[in-house]
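In what follows, a single structure is set out as structure tokens and then discussed.
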Amino acid sequence: MILSFKFLTTALVVGLVGLTSCKSKQEPDAVKPDAELAQVQFNADSAYQYIVDQCAFGARVPNSEAHDRCADYIVNVFKRFGLTVNEQKTTVKGWDGKMLQCNNITASYKPELRERIVICSHWDSRPWADADPDSSKHREPVMAANDGASGVAVMMELARQIQQLNPSVGVDFVCFDSEDYGAPYWGPQTNDENDWCLGSQYWANNLPKDYKPRYGILLDMVGGDDAQFKFEYYSMQYAQNVVAKVWSAAQSVGADNYFLQQDGTAVTDDHIPMNSIANIPTIDIISDNGNGFSRTWHTTIDTPQNISRETLKAVGQTLIQTLFEEK
């Protein structure tokens, strides 16, 4: 994912946070102080271990052995928790002309239910640490503990607990491949940025016509020790009510020190094809520290040592509460 350098207006943000004295009929309450809380507790230690497990394969760069072995691991974990797993294998073309073996993995809870929620993350690693402070490392791969593995780990822990949570809707956990293969600074630069998010573009263009989930939640860099989450621009453009729903859940569980009621930047990420191609209103929960992404973004220090269990807990418990409140 990359920044697109658009910003929300203050008026739009004030409209979202919904101070009840000036909330319009179209704007859902952002805070529900009397909300019933889910009893299921997200286990951050478990989620952290899933990150370690993914990184143990090495950088999950497309066309690598580590990539293939991690795909098998992801499939097996979701199957172990009783979910129905589908692998969407295809070939996509990278910015450099290389043909990439792409595997979008979907794990479905109660696939027979028509009413569904999508929770998703990319699982691949960027081949180049082109934002590393040490320029000699720019052509080394990224371990992607935060930028990749953290979102998958949160989904795995949700899947482990989903039978106990027993939400009233079906849930599809989607692991997108080939998200982070966008051109580095030494490659060709384009305005459309279509060299990113290759797996989700393919997924969005090849959905069954009758697949109409209520909404989607994309997780990206949700485990960093410097994480904070703001109103991402395209999330507000396409799915403002979903932003309000999730931020409300965050406040209910006491995670509002992570889910800030502040305007954020615009990000080219997997939620773009989900919104613009698949027409699934989808938000992006993505780390935004005010000066860009996490300090480990696209660097060689994106390792488990820089993952925060507290951040994982905040995000995971927020999602448990969000699913719990679905009727």
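No value in this document is a laboratory result; all are computed from the given coordinates. This is a predicted model, so every value here is computed, not measured. Here the Cβ is made from the backbone with ideal geometry for all residues, glycine too, and neighbour counts use every protein chain on show.
Looking only at the stretch 202-259, which residues are farther than 22 Å from ASN289 by Cα and assigned to a loop (DSSP other than H, G, I, E, B)?
ASN206, LEU207, PRO208, LYS209, ASP210, TYR211, LYS212, PRO213, ARG214, listed by residue number.
PRO141: assigned to a loop (DSSP other than H, G, I, E, B) and either free of Cβ contacts under 8 Å to residues at least 60 places away in the same chain or touching a strand residue (DSSP E or B) at 6+ places or on another chain (Cβ under 7 Å) (or both), yes or no?
For PRO141, the condition - assigned to a loop (DSSP other than H, G, I, E, B) and either free of Cβ contacts under 8 Å to residues at least 60 places away in the same chain or touching a strand residue (DSSP E or B) at 6+ places or on another chain (Cβ under 7 Å) (or both) - is not met.
What is the number of the single condition among (1) closer than 29 Å to ASN166 by Cβ; (2) within 15 Å of the chain's Cα centre (by Cα) that TRP297 does not meet?
Every condition holds for TRP297 apart from (1).
Can you confirm whether ALA129 is touching a helix residue (DSSP H, G or I) at 6+ places or on another chain (Cβ under 9 Å) and more than 21 Å from ARG80 (Cα to Cα)?
So ALA129 passes the test.
I'd like the residue in the stretch 117-157 that is more than 15 Å from ASP302 (Cβ to Cβ) and of a type in the set (Val, Ile, Thr) and, out of all such residues, is surrounded by the most Cβ atoms within 10 Å (Cβ to Cβ).
VAL154
For the stretch 158-195, how many residues are closer than 20 Å to ALA71 by Cβ and either crowded, with 24+ Cβ neighbours inside 10 Å or hydrophobic (A, V, I, L, M, F, W, C) (or both)?
11
Being out of contact with any helix residue (DSSP H, G or I) (no Cβ under 6 Å at 6 or more places or on another chain), more than 25 Å from HIS298 (Cβ to Cβ) and acidic (Asp, Glu), is that true of even one residue in the stretch 218-230?
no
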